[in-house]
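Colleague: Before I ask anything, let me first share the structure, which is written out below as structure tokens.
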Amino acid sequence: MIEVNHICKDFISPKKYPGLKGAIKGLFSTEKVVKSAVSDISFTIQDGEIVGYIGSNGAGKSTTIKMMTGILKPTSGECRINGIDPSKKRKENAKNIGVVFGQRTQLWWDLPLSESFTILKEIYNVSDEDYEKRMEFLNEVLELSDFFDRPVRTLSLGQRMRADLGAALLHNPKVLYLDEPTIGLDLVVKDNIRRAIKEINEKYNTTVILTTHDIGDIEELCSRIIMIDEGKKIYDGSLERLKDLYGSRRKVSMEVKQYDSCKKLKLAEKLGVSEEDCRMEWDDEKKILGVSFDKHKVQVPSILNMVMEISEVKDIQIQETELAEIVKEIYNHGLHAAV
Ligand SMILES: Nc1ncnc2c1ncn2[C@@H]1O[C@H](COP(=O)(O)OP(=O)(O)OP(=O)(O)O)[C@@H](O)[C@H]1O
Ligand SMILES: [Mg+2]
């Protein structure tokens, strides 16, 4: 459905100089700076996939989406969406896609929502019969009827986002691009939006590409994620694999009776691994012994056995690294650091 081949996007802007003098100098200067927002990104996405496109602020996500929708033309490389190059055949491509930019609306601000839908029906040439059917479905999943007659500018953010999503789906597009569709929404509306996306994907096999900073969106919706950093692709694969590769650390916390005796234990040495692979942490106040370890190198039962030789264990808790932690680590230190 989607093929992206070595796309790059450079933005060229006049060079800026600091201060007032600089601003004046800038007016006359012809020097340019080139900002490479996306460099050499390739991927293929199959029919019906929901892919999370993630990366830190300014990584190049929106720029990629804009190239895939035909809003921007790649500096080099090409995209094919359902066989069409969006930068060459923008109109034809538009029939196949629906787009929601969470940060702004594509609806007519002063018109009642219902009229925006009527206009979109005409633009996309949706037959009366299809329109009826479609609206019934959209109403069901997005509950638009409560505010269908109100001008868009009077809608709350959550209502507007549901309206925008509905509008993007009116012509039953094969591909749906969602750029931060849950930004600023409360938990209930977020949940509604996620459920709607899931239902649409299941019912119509719609391919969905979603950029988001909300890890919940990813965990709820995406079987695959593509991660970019400074315009380059750094990961493409399943969520499980990412967790497996980078979330290899676990922590087991034990409330121990003979806390002081446990302090003499040299766990790493006894298990034959490095200190880094099996690190002991102490909470003197609560008398809790924590062990942070690499799950590929150390097993929980071996840790427990060692500790229980010395002390009674009153309570135990095992924590897996959360996806949010993994992603934060990768954004902060790059992919290699987390491996
Ligand atoms: N029209 C433009 N002119 C110049 N630079 C631009 C333009 N659009 C984007 N950029 C730059 O390209 C880079 C990537 O921007 P982009 O909007 O794709 O990031 P993003 O991954 O969507 O970030 P965010 O998570 O903040 O939305 C940024 O450094 C941005 O400043
Ligand atoms: Mg963006």
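Colleague: Which of the lysines could a cross-linker bridge to Lys263, judged by Cα under 24 Å and excluding same-chain residues fewer than eight apart?
Modeller: In chain and number order, the partners are Lys251, Lys286, Lys287, Lys295, Lys297, Lys314.
Colleague: In Å, what is the Rg of the alpha-carbon atoms in the stretch 47-243, and how long is Dmax?
Modeller: Final numbers for Rg and Dmax: 16.4, 47 Å.
Colleague: Show me the trypsin sites (Lys or Arg not before Pro) within the stretch 6-45 that DSSP assigns to loop and that have at most 16 other Cβ atoms within 10 Å of their Cβ.
Modeller: Those that pass, being in a loop and sparsely packed, are Lys15, Lys16.
Colleague: Just how many % of Cα pairs in the chain lie over 31 Å apart, if you round to the nearest whole percent?
Modeller: Working: 28230 of 57291 pairs.
So the portion of pairs separated by more than 31 Å is 49 percent.
Colleague: Quick one: 3J(HN,Hα) in Hz for the stretch 94-106, Karplus 6.51/-1.76/1.60 with θ = phi - 60°, rounded, Gly and Pro as x.
Modeller: So the J values, rounded to whole Hz, are 4, 5, 8, 10, x, 10, 10, 9, x, 6, 8, 9, 9.
Colleague: Starting at the first residue of the stretch 50-58, write each ³J(HN,Hα) from the Karplus equation 6.51 cos²θ - 1.76 cosθ + 1.60 with θ = phi - 60°, in whole Hz, x for Gly and Pro.
Modeller: Once θ is set to phi - 60°, the couplings for the stretch 50-58 become 10, 10, x, 10, 10, x, 5, 4, x Hz.
Colleague: From the alpha carbon gyration tensor of the stretch 203-335, can you work out the equivalent ellipsoid semi-axes (sqrt of 5 times each eigenvalue) and give them in Å, largest to smallest?
Modeller: Largest first, the stretch 203-335 gives 37, 15, 13 Å.
Colleague: Which far-off residues, 5 or more places away or on another chain, put their amide H under 5 Å from the one on Val99, with H placed in the peptide plane?
Modeller: For Val99, the qualifying residues are Tyr177.
Colleague: To continue, here is another question. Which ³J(HN,Hα) values, rounded to whole Hz and listed in residue order, are derived for the stretch 26-34 from phi using the Karplus coefficients 6.51, -1.76 and 1.60 in 6.51 cos²θ - 1.76 cosθ + 1.60 with θ = phi - 60°, glycine and proline given as x?
Modeller: Using θ = phi - 60°, the values come out as x, 4, 9, 7, 10, 5, 10, 10, 9 Hz.
Colleague: While we're on this one: Accessible area, 1.4 Å probe, largest first: how do Thr207, Thr63, Thr30 sort?
Modeller: Thr30, Thr63, Thr207
Colleague: Any chance you could get the radius of gyration and Dmax over the Cα atoms of the stretch 121-168, in Å?
Modeller: Expressed in Å, the Cα Rg and Dmax of the stretch 121-168 come to 11.1, 30.
Colleague: Report, by chain and number, residues whose modeled amide H sits under 5 Å from the one on Thr211, excluding near sequence neighbours (fewer than 5 apart, same chain).
Modeller: For Thr211, the qualifying residues are Tyr53, Leu178, Asp179, Glu180.
Colleague: How many nm separate the modelled label positions at Ser274 and Gln319, each set 7 Å beyond the Cα in the direction of the Cβ?
Modeller: In this crude label model, Ser274 to Gln319 measures out at 2.4 nm.
Colleague: To continue, here is another question. Give the whole-number value, in cubic angstrom per residue, of the convex hull volume spanned by the C-alpha atoms of the stretch 248-320. Walk me through the intermediate numbers first.
Modeller: Working: hull volume 5.5 nm³, N = 73.
Cα convex hull per residue, to the nearest whole number: 75 Å³.
Colleague: So if I place +1 on the C-beta of Lys and Arg and -1 on the C-beta of Asp and Glu, and nothing else carries charge, what would the dipole magnitude of the chain be about its Cα centre? I want it in debye, nearest 20. Working shown, then result.
Modeller: On the way: 50 positive and 55 negative charges, 300 e Å.
About 1440 debye.
Colleague: Also, quick follow-up: So how do Ser223, Ser127 rank on accessible area, 1.4 Å probe, biggest first, that is with the largest at the start?
Modeller: Ser223, Ser127
Colleague: Further question on the same structure: Considering only Cα-Cα distances, which of the following residue pairs are longer than 29 Å: Lys21/Lys73; Lys66/Lys121; Lys15/Lys328?
Modeller: Numbers: Lys21/Lys73 35 Å; Lys66/Lys121 23 Å; Lys15/Lys328 32 Å.
Pairs exceeding the cut-off: Lys21/Lys73; Lys15/Lys328.
Colleague: Further, regarding this structure: When all alpha-carbon pairs of the stretch 1-150 are counted, what percent fall beyond 20 Å?
Modeller: On the way: 7155 of 11175 pairs.
Here the long-distance tail beyond 20 Å is 64 percent of all Cα pairs in the stretch 1-150.
Colleague: Right, something else. Compute the long axis of helix 323-338 from its Cα atoms, compare it with the longest principal axis of the Cα atoms of the chain, and write down the angle in degrees, 0 to 90, nearest 10.
Modeller: Once rounded, the angle reads 80 degrees.
The values are calculated or read from the model by the stated rules, or taken from the named source; none is laboratory data. Bear in mind that the values here come from a model prediction, so they are computed numbers and not experimental data. Every residue, glycine among them, receives a Cβ derived from its backbone with ideal geometry; neighbour counts consider all protein chains shown. When the accessible area is computed, the model is the full protein with side chains, heavy atoms only, and any ligands, DNA or RNA have been set aside. Shrake-Rupley method; radii C 1.70, N 1.55, O 1.52, S 1.80 Å.
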